[in-house]
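Notes to accompany the following structure.
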Amino acid sequence: MRSLRALWRLVWAVLHALHGAAICAFEFPRLSAAARMQRVGWWSARMLRVLGISLQAEGTPHIGPVLLVANHVTWLDILAINAVQPARFVSKADVRHWPFLGWLVACGGTLFIERERKRDALRVVHQVAEALRAGEIVAVFPEGTTSDGRALLPFHANLLQAAIATESPVQAIALRYSDANAAISSAGSYVGDTTLLASMWSAVSADGLRVQVLVEPAQGTRHLDRRALSESLRETISQRLASLDA
């Protein structure tokens, strides 16, 4: 019964992904940037429901251009954040080459970075700065990779320079997954040698999988040092996650 339910969710997820492709191909060309983001938010929230994942959001998203900074647990993070505050994400370049999904992610306005090339970070910083100046919302995962959700990895500060250079606010977001059997769920985990398909199957097979999107107040960046800002944001997210465990 559980496997049948998981298979049913997966089938509906594929159909919803195809719907997303149709939106990208036929609606996006005639929509404004803001309207596109609204559609991304709707599509992401519905995808979470299709996958059987409930969403709990706390806090108030900033109105206007802002750099969102979140911990990174799984590919589901993008859906969860988009459902609360649709944004353009910065993602590793190899995602762009995933069959179908890479095209779908790119259609959503994702900026791709080759993390193994230090010079590429400067290019993406400029792209993020341009997006912020244009009034857009951009989201980054400064850990640079996914974790098990139990502890934060070190934060990389490079991309935060875009917010400082444009004097745009930053807003920390803490993400936590739980399910019927665990306060910190491994369902949907995407670490180590786990494949995307295995991660998806784990997510749709879970009982009562829930994602909490905890939005902290936005803060200014004028004249700040990016490394100090990085540590401050990491501490903010760490404390918020720790408060859930208390």
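Can you grab the distance from the C-alpha centre of the range 219-242 to the C-alpha centre of the range 1-68, Å, no decimals? About 28 Å separates the Cα centre of the range 219-242 from the one of the range 1-68. The accessible-area ordering, largest first, of the residues R222, R210 stands as R222, R210, per a 1.4 angstrom probe.
Per residue, the accessible area of the range 144-208 comes to 42 Å² when a 1.4 Å probe rolls over the protein heavy atoms.
L197 to E231: FRET efficiency via 1/(1 + (r/R0)^6), r the Cβ-Cβ distance, R0 35 Å, to the nearest 0.05? Rounded to the nearest 0.05, the efficiency is 0.45.
Our coupling estimate for the range 181-198, obtained by passing each phi through the Karplus curve with A = 6.51, B = -1.76, C = 1.60 and θ = phi - 60°, is 10, 8, 5, 10, 7, 9, 5, x, 4, 9, 10, x, 8, 5, 7, 4, 5, 5 Hz, Gly and Pro reported as x. Could you point to the residue in S199, S232, Y177 farthest towards the positive end of the range 176-235's charge dipole, with +1 and -1 charges on the Cβ of Lys/Arg and Asp/Glu respectively? So the residue we want is S232.
Distances between placed amide hydrogens fall under 5 Å for S147 paired with H72, V73, all partners being 5 or more residues away or on another chain. Could you work out what % of the accessible surface of the chain is carbon and sulfur, using a 1.4 angstrom probe and leaving DNA, RNA and ligands out of the count? With neighbouring chains kept in place, the figure for the chain is 57 percent. Among beta bridges from DSSP that stay inside the chain, the antiparallel ones total about 30%. With a cut-off of 20 Å on the backbone N, the residues of the range 146-171 near the modelled label site 7 Å out from H223 along Cα-Cβ are 161-170.
The phi torsions of the range 141-158, fed into the Karplus equation with coefficients 6.51, -1.76 and 1.60 and a -60° offset, translate into couplings of 10, x, 5, x, 7, 7, 10, 7, x, 9, 8, 7, 7, x, 8, 8, 8, 3 Hz, rounded to whole numbers, with Gly and Pro shown as x. Distant-in-sequence amide contacts of V213, defined by a placed amide H-H separation under 5 Å and a gap of 5 or more residues or a different chain, comprise Q56, A57, E58.
R30 label point, 7 Å along Cα→Cβ, cut-off 18 Å on backbone N: hits in the range 105-143? Correct set: none at all.
The modelled label-to-label distance for the pair W8/A242, using points 7 Å beyond Cα in the direction of Cβ, is 4.3 nm. Under a 5 Å amide H cut-off, with hydrogens placed 1.01 Å from N, A139 pairs with L68, R88, F89, V90 among residues at least 5 apart or on other chains. Using heavy atoms of the protein chains and a probe of 1.4 Å, the accessible area assigned to D207 is about 50 Å². In percent, rounded to a whole number, the relative contact order of the chain is 26, using alpha-carbon pairs under 8 Å and six or more apart.
For the range 235-243, backbone phi angles converted through the Karplus equation (6.51, -1.76, 1.60; θ = phi - 60°) give residue-by-residue couplings of 5, 4, 5, 4, 5, 5, 5, 5, 5 Hz, Gly and Pro being listed as x. Taking each residue as 0.36 nm, the span from A21 to W98 lengthens on full extension beyond its C-alpha to C-alpha distance by 26.3 nm.
The values are calculated or read from the model by the stated rules, or taken from the named source; none is laboratory data. Since this is a predicted model, take the numbers as computed values, not measurements. Glycine gets a Cβ as well: all are built from the backbone with ideal geometry, and neighbour counts include every protein chain shown. SASA here: full protein model, heavy atoms, side chains in, ligands and nucleic acids out. Shrake-Rupley method; radii C 1.70, N 1.55, O 1.52, S 1.80 Å.
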